[in-house]
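K.L.:
Dropping the structure in here first, questions after.
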Amino acid sequence: MPAYAVIGAQWGDEGKGKIIDFLAEKAAIIARYSGGNNAGHTVINDAGTFKLHLVPSGICWPHTMNVIGNGVVVDPEVLLKEIGENNLDPSRLAVSDRAHLIMPYHVVLDRLEEAKRGDAAIGTTGRGVGPAYVDKVARQGLRVGELLDPEELALRLPEIVAFKNEIITKIYGGNPVDIEDIIALTKKWATELAEYIRPVENLVADALDNGENVIVEGAQGALLDLDHGTYPYVTSSNPTVGGTLTGLGMGPRSYGGVAGVFKAYCTRVGAGPFPTEIHGAEGDRIREMAGEFGVTTGRARRIGWFDGVAAKYSARVNGFDGLIVTRLDTLDGWDEIKICVAYELDGKRTDQFPIDAARLERAKPIYESVPGWTESTRSITKPSQINDGAKAYLNKLEEVIGVPIKIVSTGPHRDETLVIEDLIG
Ligand code: IMP
């Protein structure tokens, strides 16, 4: 049995954690491939509510192995906290020896760089993710596997930290980080994480060879992708499907399916163009009703109507063969629901998603509306329970994106899930 990717199709926060927890019943391995603890995945099931930033969302099923691939950047403090909170042992969790470390100076630099950008700030989560990826690409990064040789690391760190402190103090006027503290931290991480550090790509390959299912867990979303997103208002990794291959060391033929997770409307955290943004009372109403506040930073999420132009683009760059729509119940009770089907850009109608931020900023949404519905969709689990209004809305989404909807989420609990067609064989 193959791998199945579950990928955020908008600007993150689509509800991937809940869906992965639901699907994980049928999987042997759940694998994260990109991002870091900028992600915040909420899982709610009979065992409780779990807010996860690094650990994959399959941990509530005792039969699963959860792995953090080489494409992820890992803050060991955060990982150790999540291991402790969830009582995970090395038989349930592994982290790739090739994943890069988020060091304390990355967190300091992330915040200083944002402050320096002023009005042009990206609105990062401030978790050091961008600076850690910068070091990876600049070939100056430290990898998780290097923790296993603390003596060698202690020899290398003074030069690295001295260089970072030059930047922190001279360019940004910040306070230097302390080398002794960092050496002590890496020794602690080495001791506490050693048993979890593994060549994760072998675990994934072995599972696939043995005919087991692997769920590849997205973080962030396609429109935050470093290459395909709304650059420069993006994250520093590749949440799109290509990132799964490099971020886990697997081949494309492993895939049995690539599913895109969409909210029934749109949200975005941080700065950047957002053509269908709803300003004022209407947006506030959805935000309050749906609790649209970031799991990682607590920031209020920006709210918008469903953007069909962006959705179609996202489906194309990921090759989605199935859609998962979340938060349908949030739209219960609305008079009419708008869907953006095209943009007006510089006086012309287009259904192409402009990839540079300045043009996207100028794009004006062209909407079609469907009538709202009064019946509740909350907690429904069978296709026969979908009311006609909600059905018409889902049909419209399928028509606009051109990909079938396979799962609909009708509430935050694992059981509040409606399967139209099985995603995993
Ligand atoms: P960074 O990933 O912390 O560098 O932040 C870059 C951009 O991505 C900012 O706009 C963040 O708000 C956004 N971002 C990063 N991670 C997430 C996420 O998990 N959900 C939603 N937005 C995110």
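Bear in mind that the values in this text are calculations on the coordinates, not laboratory data. In this text, all values refer to a predicted model and were calculated from it rather than measured experimentally. Heads up, the Cβs are rebuilt from the backbone with ideal geometry, glycines too, and the neighbour counts pull from every protein chain shown.
K.L.:
In Å, what Rg and Dmax follow from the Cα atoms of the chain?
P.N.:
Answer for the chain, Rg first and Dmax second: 21.4, 67 Å.
K.L.:
Please compute the Cα-Cα pair-distance distribution of segment 48-156 with 10 Å bins starting at 0, giving whole percents from short to long.
P.N.:
Once binned at 10 Å, the Cα pair distances of segment 48-156 give 13, 39, 31, 14, 2.
K.L.:
Take the alpha carbon atoms of segment 100-195, find their radius of gyration, then divide it by 2.2 N^0.38 Å using N residues; give the quotient.
P.N.:
1.10
K.L.:
Same structure again: If you add up the charges near L153, with Lys and Arg at +1 and Asp and Glu at -1, over every other residue whose beta carbon is less than 9 angstrom from its beta carbon, what do you get?
P.N.:
So the environment of L153 carries a net charge of -2.
K.L.:
Another one. Quick check on packing: order 138-147, 19-28 by the mean number of other C-beta atoms within 10 Å, highest mean leading.
P.N.:
Packing order, densest peptide first, comes out as 19-28, 138-147.
K.L.:
How much FRET efficiency would the formula 1/(1 + (r/R0)^6) give for D321 and D227, where r is the Cβ-Cβ distance and R0 is 25 Å, rounded to 0.05?
P.N.:
Efficiency at R0 = 25 Å is approximately 0.70.
K.L.:
Tell me, what is the FRET efficiency for E399 and T297 to the nearest 0.05, using R0 = 30 angstrom and their Cβ-Cβ distance as r?
P.N.:
For R0 = 30 Å, the calculated efficiency reads 0.25.
K.L.:
Using helices alone, I'd like the mean residue ellipticity at 222 nm for the chain: each DSSP H run of four-plus residues gives -39500 (n - 2.57), total over residue count, nearest 500.
P.N.:
-9500 deg cm²/dmol
K.L.:
Now, a different point. Take peptides 283-290, 51-58, 379-386, 269-276 and line them up by average Cβ neighbours within 10 Å, highest first, as a rough protection proxy.
P.N.:
51-58, 269-276, 283-290, 379-386
K.L.:
Below 8 Å between Cα atoms, with a sequence gap of 6+, how large is the relative contact order for segment 100-195 in percent?
P.N.:
Contact order relative to length: 30 percent.
K.L.:
Show me 95-103, 123-131 ranked by packing, highest mean number of other Cβ atoms within 10 Å first.
P.N.:
Sorting 95-103, 123-131 by mean packing, highest first, produces 95-103, 123-131.
K.L.:
Using 1/(1 + (r/R0)^6) with R0 = 25 angstrom and r between the beta carbons of K81 and V419, what's the FRET efficiency to the nearest 0.05?
P.N.:
Once the sixth-power term is evaluated, E becomes 0.15.
K.L.:
Could you check the spin-label model distance between T246 and K188? Points 7 Å from the Cα along Cα→Cβ, value in nm.
P.N.:
3.3 nm
K.L.:
Taking every Cα atom in segment 148-194, find the radius of gyration and the maximum pairwise distance Dmax, and write them in Å.
P.N.:
Reported Rg and Dmax, both Å: 12.1, 36.
K.L.:
Still on this structure: Please work out the Cα center distance from segment 60-77 to segment 121-175, rounded to the nearest Å.
P.N.:
If we compute the Cα centre of each part, the gap is 22 Å.
K.L.:
Okay, which of segment 284-301 sit inside 16 Å, backbone N to the point 7 Å along the Cα-Cβ direction of D335?
P.N.:
So the set is 285-286.
K.L.:
Taking the square root of 5 times each eigenvalue of the Cα gyration tensor, what semi-axes in Å does the equivalent ellipsoid of segment 269-403 have, largest first?
P.N.:
Semi-axis lengths for segment 269-403 are 24, 19, 15 Å.
K.L.:
Using the structure shown, select from K136/K164; K18/K136; K16/K406; K16/K116; K348/K391; K26/K391 the pairs with a Cα to Cα distance greater than 22 angstrom.
P.N.:
Going by Cα-Cα distance, K18/K136; K16/K116; K348/K391; K26/K391 fall outside the 22 Å limit.
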